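Just so you know, all these numbers are worked out from the coordinates, no wet-lab data involved. Bear in mind the structure is a predicted one, so any value in this text is a computation, not a measurement. Quick reminder, even Gly has a Cβ in these numbers, built from the backbone with ideal geometry, and neighbours come from all protein chains shown.
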Amino acid sequence: MTRVWKWNRPVTVREVLEDLQQERSIAYTTVMTVLDNLHQKGWVRREAEGRAYRYEAVSTRAAYSAALMNDAWTQSDNPTAALVAFFGMMSPEQREALRDAVRIVQGPETPPVQNTAGENPAAAEGTAGG
């Protein structure tokens, strides 16, 4: 998958093979089998091009990583403890990235809703009836 994500476009078995062979000796059939397995698992889609296929990632590397983390977290018998342990393993830079991600997901801060009398309803509830 790393090679498919690296190019961010449909790739052939030959392209992946040639890239991998720069680092180690590997057979064409091995690369073909791995890409076929990834296709069967739904991680890549393929399109025929002549007698070969072009393979393309179904999701981004970030989405795949997120799905792995979510799977691990949801399978925990104590999700809170799992998160605390995970955060404890993070570097300061990773914790800052986590804070940035939470800010992005939460969106911009919105001011409290005012009722027609110009009061904050949440604050008014605390004084009602008393």
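Of the trypsin sites (Lys or Arg not before Pro) in the range 1-88, which ones lie in a loop per DSSP and count no more than 16 other C-beta atoms within 10 Å?
Qualifying residues, ordered by number: Arg24, Lys41, Arg51.
Across the range 2-57, the relative contact order, built from alpha-carbon pairs under 8 Å that are at least six residues apart, equals 42 percent.
Here the label points at Asp100 and Val84, each 7 Å from Cα along the C-beta direction, are separated by 2.8 nm in the simple model.
Find out how many positive minus negative residues lie around Leu35, taking Lys and Arg as positive, Asp and Glu as negative, among other residues whose Cβ is under 12 Å from that of Leu35.
Numbers: positive: Arg3, Arg14, Lys41, Arg45, Arg46, Arg54; negative: Glu15, Asp36, Glu56.
So the environment of Leu35 carries a net charge of +3.
If a/c stays under 1.5 just call it rounded; otherwise compare a/b with b/c (prolate if a/b is bigger, oblate if not). Do that for the range 61-106, with a ≥ b ≥ c from the square roots of the Cα gyration tensor eigenvalues.
Values: a/c = 1.76, a/b = 1.23, b/c = 1.43.
It is oblate, given that a/c is not under 1.5 and a/b is not larger than b/c.
Give a quick list of GluC sites (Glu not before Pro) in the range 1-89 that DSSP marks as loop, anything other than H, G, I, E or B, with at most 10 other Cβ atoms within 10 Å. Spell out each step's value before the answer.
Values: sites: Glu15, Glu18, Glu23, Glu47, Glu49, Glu56; in loops: Glu23.
Those that pass, being in a loop and sparsely packed, are Glu23.
Give the shape of the range 1-118 as rounded, prolate or oblate, defined through the alpha-carbon gyration tensor: a ≥ b ≥ c are the square roots of its eigenvalues, a/c under 1.5 means rounded, and otherwise the shape is prolate if a/b is larger than b/c and oblate if not.
On the way: a/c = 2.88, a/b = 2.11, b/c = 1.36.
Here the range 1-118 falls in the prolate category.
Would you please give the FRET efficiency between Ser91 and Thr30, computed as 1/(1 + (r/R0)^6) with r the Cβ-Cβ distance and R0 = 35 Å, to the nearest 0.05? Rounded to the nearest 0.05, the efficiency is 0.50. Applied to the range 93-103, the Karplus parametrisation 6.51 cos²θ - 1.76 cosθ + 1.60 on θ = phi - 60° returns per-residue 3J(HN,Hα) values of 5, 5, 5, 5, 4, 5, 4, 4, 5, 5, 4 Hz, with x for Gly and Pro.
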